[in-house]
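Every read-out reported here was derived from the displayed coordinates using simple, explicitly stated rules and does not represent laboratory data. Please read these numbers as outputs of a predicted model, since none were measured by experiment. Virtual Cβ from ideal backbone geometry, glycine too; neighbours counted across all protein chains shown.
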Amino acid sequence: MRRLLTYILVIAGLISGGVQAREKSARIGLPADRTIDLGLIDGDSLQTGHITIRNIGEGPLVITRVFADCSCAVPSYPHDPIAPGDSARLSVRYDGRGMRHGPFLKILKLRSNADTPLLHIFVKGTIRRPQKK
């Protein structure tokens, strides 16, 4: 309910603001490489990584959806608007169970109301070969 109200207020502000809404748009600030590096992961384990998302624009930033290119990477993101100048943390849990050893690169797609509505964030790491017993 709270999220629906937020969306309604954002849309109402865009409609009533007209030209002002364009001047006060949200902008996403991410690290230059936009990568979450999970490093070395033991085979058959879970690993979590994070990236900080900053709102460097003048309007509230609403992240509408974050989805991965596979089911092995599960993102979690803030559902509340991020005020101008504030930041929030996007997390991803990578499930290496059953994956082959070696390096991997996954893509998260972030949709928002920012001036660039679709951004890609990369998740990388290396799955370690299981130890022989």
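Taking 7 Å along the Cα-to-C-beta vector as the label spot, tell me the residue 65-residue 25 distance in nanometres, rounded to one decimal.
Each label point lies 7 Å from its Cα, and together they span 2.0 nm.
Which net charge results when you count Lys and Arg as +1 and Asp and Glu as -1 among the other residues whose beta-carbon is under 14 Å from that of residue 34? Mind dumping the intermediate values first?
Values: positive: 54, 106, 109, 124; negative: 33, 37.
Around residue 34, the surrounding residues sum to +2.
Whole-Hz ³J(HN,Hα) for each residue in the stretch 56-66, computed from phi via Karplus 6.51 cos²θ - 1.76 cosθ + 1.60 with θ = phi - 60°, x for glycine and proline: what do you get?
For the stretch 56-66, the Karplus-derived couplings read 9, x, 10, x, x, 9, 10, 7, 8, 6, 10 Hz, x marking Gly and Pro.
Give me the extension gain from residue 40 to residue 93: residue separation times 0.36 nm, minus the current Cα-Cα distance, reported in nm with one decimal.
17.7 nm
May I ask for the Kirkwood hydrodynamic radius of the stretch 86-133, worked out over all distinct Cα pairs and given in angstroms to one decimal?
It is 13.4 Å.
Amide H to amide H, which residues 5 or more places from residue 63 or on other chains are under 5 Å from it, using H placed in the peptide plane?
Under 5 Å from the amide H of residue 63: 82.
Could you calculate the contour length gain from residue 33 to residue 105, that is, 0.36 nm times the residue separation minus the distance between their Cα atoms, to one decimal place in nm?
24.6 nm
Can you list which of the trypsin sites (Lys or Arg not before Pro) found in the stretch 33-70 are DSSP loop residues with at most 16 other C-beta atoms within 10 Å?
Sparse-neighbourhood loop trypsin sites (Lys or Arg not before Pro): 34.
Using θ = phi - 60° and the Karplus curve 6.51 cos²θ - 1.76 cosθ + 1.60, what whole-Hz ³J(HN,Hα) does each residue of the stretch 101-115 get, with Gly and Pro shown as x?
Couplings: 6, x, x, 9, 9, 10, 10, 9, 10, 10, 9, 7, 8, 6, 4 Hz.
By its C-alpha gyration tensor, with a ≥ b ≥ c as the square roots of the eigenvalues, how is the stretch 24-121 shaped: rounded for a/c under 1.5, else prolate for a/b larger than b/c, else oblate?
Judged from the Cα gyration tensor, the stretch 24-121 comes out prolate (a/c at least 1.5, a/b above b/c).
Quick check: Cα centre of the stretch 24-67 to Cα centre of the stretch 100-116, how many Å?
First find each Cα centre; the distance between them is then 9 Å.
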